[in-house]
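J.: The structure that follows is given in the form of structure tokens.
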Amino acid sequence: MSAHKTVADTRRWALATLVAAALAAPAAWAQTPAEIQAALDAAHAKYKDIQEGKNADYIPALAKVDSKIYGIALVTTDGKVYTAGDVKSEVSIQSISKVFTMAKVIEEQGPEAIEKTIGVDATGMRFNSIVAVEFAQKALGGPEINPLVNPGAITATSMVRGSSRDEIWKSILGFYGEFAGRSLGVDQDVFKSESDTNQRNQAIGYLMYAYGFIKAEPLRATDVYTEQCSVAVNAKDLATMAGTLANAGKNPVTGKQVMKSANVPEVLAVMATAGLYDDSGKWLYHTGLPAKSGVGGGIIAVSPGKFGIAVISPPLDDAGNSVRAQKAIADVSNALGGNPYAPRH
Ligand code: DON
């Protein structure tokens, strides 16, 4: 074999290897900053004036929140932040907190703890359904709900480790802050308003205690859960939290590994199956994105390896999900190729 032929062969081999690697590896996310910003601006403009939905009012303080707050933020896995509209106003995080408390329990005790104690199946019922607990217990024979509905979420909160209420609370709030990339605080008006009116959640806490899923102090668990739901966040905080999940548990803005990358898939799986409650299937059908809503008006969604996105807009639909947030996230993600199930081009 001549030297010349050897060099040519080597080049051909190197090229073939490169092509094979390019085909095997996930396609790089090729959106330019201008395209990303344009997608956010378009979704903001398109839904700014729609009048559908209404603020949650079963927690009196939520009825008083300005329905016009409307902000979109997207954080890419390389730490770039894009925003449109009002990303300064804060709302209470509400049920979006359930994702991060689930993540905390998984970090402390492993994914089996959630699966065995609570379950990881969609209930197909409303987020505060008691029938769902009874059905799982009587017809399915055990913990067949999930940590994103109130009974499972209050149970998850009861599982967070700590020797006092104060220690447990600081550990939860500190964990959320690492996802957001700043220390977060509580909206005291919302906390008081929900504490004054959360008898149903107290009953749910007691029911989970009666069935042995909560081991002790169900009212304390419900109280800590209520406080975690009252944490104040803006759209950028939520998008950074979602971006951390998109980036395998490493906050893409601060660079801190907030949770183990190995534990992220389980968190995303429960978000995909139950994040928008009884509308989770419909949501996944249209976007493919693991997501989570809160009755404060926020929704987060995660495009793994690409971006986290969040929208805040308080008016909700009948399932308890923000109307504008669902529309805006679906538009932005579909414009940017965020659906992880979509074929690569
Ligand atoms: O427990 C509750 O009812 C509220 N703190 C949270 C509910 C919620 O956000 C449901 N989400 N869409």
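J.: Restricting attention to region 88-113, which residues are of a type outside the set (Lys, Arg), part of a helix (DSSP H, G or I) and away from the ligand (no atom under 16 Å from the Cβ)? Before the answer, list the steps.
T.: Residues of region 88-113 that are of a type outside the set (Lys, Arg), as a first pass: 89-97, 99-103, 105-113.
Keeping just the survivors that are part of a helix (DSSP H, G or I) gives 94-97, 99-103, 105-109, 111-113.
Hits for region 88-113 are 103, 105, 106, 107, 108, 109, 111, 112, 113.
J.: Out of the residues in region 207-231 that are over 12 Å from residue 158 (Cβ atoms) and among the small types (Gly, Ala, Ser), state the one that is modelled with the highest pLDDT.
T.: Here the residue is 230.
J.: So, residue 171, is that one over 21 Å from residue 119 (Cα atoms) and over 24 Å from the mean Cα position of the chain (by Cα) or not? Steps first, please.
T.: On the way: over 21 Å from residue 119 (Cα atoms): yes; over 24 Å from the mean Cα position of the chain (by Cα): no.
In short, no.
J.: Moving on to the next point. Of all residues in region 185-229, how many are at negative phi and away from the ligand (no atom under 16 Å from the Cβ)? First the steps, then the outcome.
T.: First, pick out the residues of region 185-229 that are at negative phi: 185-211, 213-216, 218-229.
Still in the running and away from the ligand (no atom under 16 Å from the Cβ): 185, 209-211, 213, 215-216.
Selection size over region 185-229: 7.
J.: Starting from residues that are more than 24 Å from residue 256 (Cα to Cα) and among the aromatic types (Phe, Trp, Tyr), keep the ones in region 58-86 and report whichever is nearest to the ligand (Cβ to nearest atom).
T.: In the first step, residues of region 58-86 are kept if they are more than 24 Å from residue 256 (Cα to Cα); the result is 58-71, 84-86.
Filter once more, keeping what is among the aromatic types (Phe, Trp, Tyr): 58, 70.
Values: 58: 7, 70: 17 Å.
Across region 58-86, the extreme among qualifying residues is 58.
J.: Do you know which residues across region 181-219 are within 22 Å of residue 61 (Cβ to Cβ) and among the charged types (D, E, K, R)? If you could, list the steps in order and put the result at the bottom.
T.: To start, the set of residues in region 181-219 that are within 22 Å of residue 61 (Cβ to Cβ) comprises 184-205, 219.
Across region 181-219, the qualifying residues are 187, 189, 192, 194, 196, 200.
J.: Residue 177 passes all but one of (1) surrounded by fewer than 24 Cβ atoms within 10 Å (Cβ to Cβ); (2) under 20 Å from residue 269 (Cα atoms); which number fails?
T.: Of the numbered conditions (1) surrounded by fewer than 24 Cβ atoms within 10 Å (Cβ to Cβ); (2) under 20 Å from residue 269 (Cα atoms), the odd one out for residue 177 is (2).
J.: Name the pairs: first residue in region 207-221 and touching a residue at least 60 places away in the same chain (Cβ under 8 Å) and over 20 Å from residue 195 (Cα atoms), second residue among the hydrophobic types (A, V, I, L, M, F, W, C) and crowded, with 22+ Cβ neighbours inside 10 Å, Cβ to Cβ under 8 Å, at least 6 apart or on different chains?
T.: Final answer for the pair search is 211/133; 213/118.
J.: Would you check if there is a residue in region 277-289 being over 16 Å from residue 126 (Cβ atoms) and under 13 Å from the mean Cα position of the chain (by Cα)? Step through it out loud before you land on a result.
T.: Restricting attention to region 277-289, the residues satisfying the condition of being over 16 Å from residue 126 (Cβ atoms) are 284-289.
Now drop any that are not under 13 Å from the mean Cα position of the chain (by Cα), which leaves 289.
Among the residues of region 277-289, at least one is over 16 Å from residue 126 (Cβ atoms) and under 13 Å from the mean Cα position of the chain (by Cα), which makes the answer yes.
J.: Still on this structure, please answer the following. Pick out, from region 248-345, the strands (runs of 3 or more DSSP E) lying fully within it that include 3 or more residues that are closer than 17 Å to residue 237 by Cα, modelled with pLDDT of 95 or more and more than 16 Å from the ligand (Cβ to nearest atom). It would help to see each step written out before you state the result.
T.: On the way: elements: 291-293, 298-303, 307-312.
It comes to 307-312.
J.: Being in contact with a helix residue (DSSP H, G or I) (Cβ under 8 Å, 6 or more places away or on another chain), modelled with pLDDT under 95 and more than 16 Å from the ligand (Cβ to nearest atom) narrows it down to one of 162, 142, so name that one. Let's see the steps before the verdict.
T.: On the way: 162 fails: modelled with pLDDT under 95.
That would be 142, the only listed residue that is in contact with a helix residue (DSSP H, G or I) (Cβ under 8 Å, 6 or more places away or on another chain), modelled with pLDDT under 95 and more than 16 Å from the ligand (Cβ to nearest atom).
J.: Hand me the list of helices (runs of 4 or more DSSP H) wholly inside region 114-204 holding 3 or more residues that are farther than 30 Å from residue 87 by Cα. Lay out the reasoning, then the answer.
T.: On the way: elements: 131-135, 150-159, 165-180, 188-197.
Result: 131-135, 150-159, 165-180.
J.: Restricting attention to region 235-263, which residues are in contact with a helix residue (DSSP H, G or I) (Cβ under 6 Å, 6 or more places away or on another chain) and among the β-branched types (Val, Ile, Thr)?
T.: 240, 244, 253, 258
J.: (1) outside any loop (DSSP other than H, G, I, E, B); (2) out of contact with any strand residue (DSSP E or B) (no Cβ under 6 Å at 6 or more places or on another chain): which one isn't true of residue 236, the others all being true?
T.: So the condition that residue 236 fails would be (2).
J.: With the structure loaded, tell me whether residue 314 is in contact with a Ser or Thr (Cβ under 7 Å, 6 or more places away or on another chain), in contact (Cβ under 8 Å) with a residue 12 or more places away in the chain and either of a type in the set (A, V, I, L, M, F, W, C) or surrounded by 24 or more Cβ atoms within 10 Å (Cβ to Cβ) (or both) or whether it fails that test.
T.: Working: in contact with a Ser or Thr (Cβ under 7 Å, 6 or more places away or on another chain): yes; in contact (Cβ under 8 Å) with a residue 12 or more places away in the chain: yes; either of a type in the set (A, V, I, L, M, F, W, C) or surrounded by 24 or more Cβ atoms within 10 Å (Cβ to Cβ) (or both): yes.
Here the answer is yes, as residue 314 does meet what is asked.
The values are calculated or read from the model by the stated rules, or taken from the named source; none is laboratory data. Since the structure is predicted, the reported quantities are computational estimates derived from the model, not experimental observations. With ideal geometry, Cβ positions are generated from the backbone for all residues, glycine too; neighbour counts draw on all protein chains shown.
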